[in-house]
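Take a look at the structure set out below.
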Amino acid sequence: DALEISHPTKSLQKFLACLQARENPVLVDLGPVVGSNVTFFGEQLGCRIRVEDMAADIEAHVKAGKSEALPAFLKSRFTQAPESVDGILCWDMLDYLDRPAAHALAEALGRLLRPDGVLLGFFSTADAHDAVYTKYVVVDPQHLRYKNYPASRPRQRSLLTGDIIRMFKGLRVSDSFLMKSHVREMLFRKPTA
């Protein structure tokens with residue numbers, strides 16, 4: 001059975017606060033479908049949420065031996081119009097991508113965000129290359145449960161903060177927290193013109 005550990009989060013409240021000012025925000029969640037999360041964000045934000053399971057995409061490419069095709073796939077992965085999304089839950093998806101694929105995903109996400117849109121990203125600071133994905137389950141605005149499930153590809157090497165900031169070059173960091181769980185939580189905003 002998956003290990004369930006409750007962890008504090010400092011960035012989720014700030015993410016919610018950014019979106020609560022908007023009427024019917026559009027939210028994209030890059031994790032697997034978690035029914036309680038869909039309910040939570042729906043109740044907190046009155047938003048439309050679209051779940052785009054990136055782990056499933058990564059798994060499909062790794063299992064087919066086509067990891068090198070991920071950057072091209074990610075560039076055109078999202079069908080939403082540019083600047084049509086208010087918030088993105090990126091979770092830790094970049095941890096499972098090599099540098100070219102991570103850059104392609106970051107660029108694609110930057111294009112999706114509306115001006116003043118917000119992106120929440122988690123980045124491992126541990127040198128653990130464990131072959132598990134993490135499903136993030138919102139307990140409340142201050143706590144998340146991490147549920148691990150098997151991955152065909154381990155986490156790639158940890159990204160330095162400067163590398164992360166350069167990857168999301170069209171966005172600015174509004175908050176960054178280094179958590180005791182060896183996760184750096186970063187909140188990015190897309191500047192208004």
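The values are calculated or read from the model by the stated rules, or taken from the named source; none is laboratory data. These numbers come from a predicted model, not from an experiment. Cβ placement follows ideal geometry from the backbone for every residue including glycine, while neighbour counts extend to all protein chains displayed. SASA here: full protein model, heavy atoms, side chains in, ligands and nucleic acids out. Shrake-Rupley method; radii C 1.70, N 1.55, O 1.52, S 1.80 Å.
Cβ-Cβ distances below 7 Å connect no pair with a first residue in the stretch 93-104 that is without any contact (Cβ under 8 Å) to a residue 12 or more places away in the chain, a second residue that is open to solvent by less than 10 Å² (accessible area, probe 1.4 Å) and not in a helix (DSSP H, G or I), and a separation of six or more residues or different chains. Scanning the stretch 158-172 for residues that are assigned to a loop (DSSP other than H, G, I, E, B) and either among the aromatic types (Phe, Trp, Tyr) or without any contact (Cβ under 8 Å) to a residue 24 or more places away in the chain (or both), we see that the one that is least open to solvent (accessible area, probe 1.4 Å) is Phe168. Taking the criterion of being farther than 22 Å from Val38 by Cα and in contact with a Pro (Cβ under 7 Å, 6 or more places away or on another chain), the only residue of the stretch 51-82 that qualifies is Pro71. Conditions: (1) at pLDDT below 95; (2) assigned to a helix (DSSP H, G or I). Val137 meets all but one. Number of the miss? Exception for Val137: condition (2). The single residue among Asp175, Asp130 that is at pLDDT below 90, acidic (Asp, Glu) and either in a strand (DSSP E or B) or over 17 Å from Cys90 (Cβ atoms) (or both) turns out to be Asp130. Here Met93 meets each of (1) in contact with a Phe, Trp or Tyr (Cβ under 8 Å, 6 or more places away or on another chain); (2) within 27 Å of Lys63 (Cβ to Cβ); (3) open to solvent by less than 50 Å² (accessible area, probe 1.4 Å); (4) not hydroxyl-bearing (Ser, Thr, Tyr) with one exception, condition (1). None of Leu12, Leu74 is open to solvent by less than 10 Å² (accessible area, probe 1.4 Å) and under 25 Å from Ser152 (Cα atoms) except Leu74.
Just one of (1) more than 22 Å from Thr134 (Cα to Cα); (2) out of contact with any Asp or Glu (no Cβ under 9 Å at 6 or more places or on another chain); (3) at pLDDT 95 or above; (4) of a type outside the set (Asp, Glu) fails for Leu16. It is (1).
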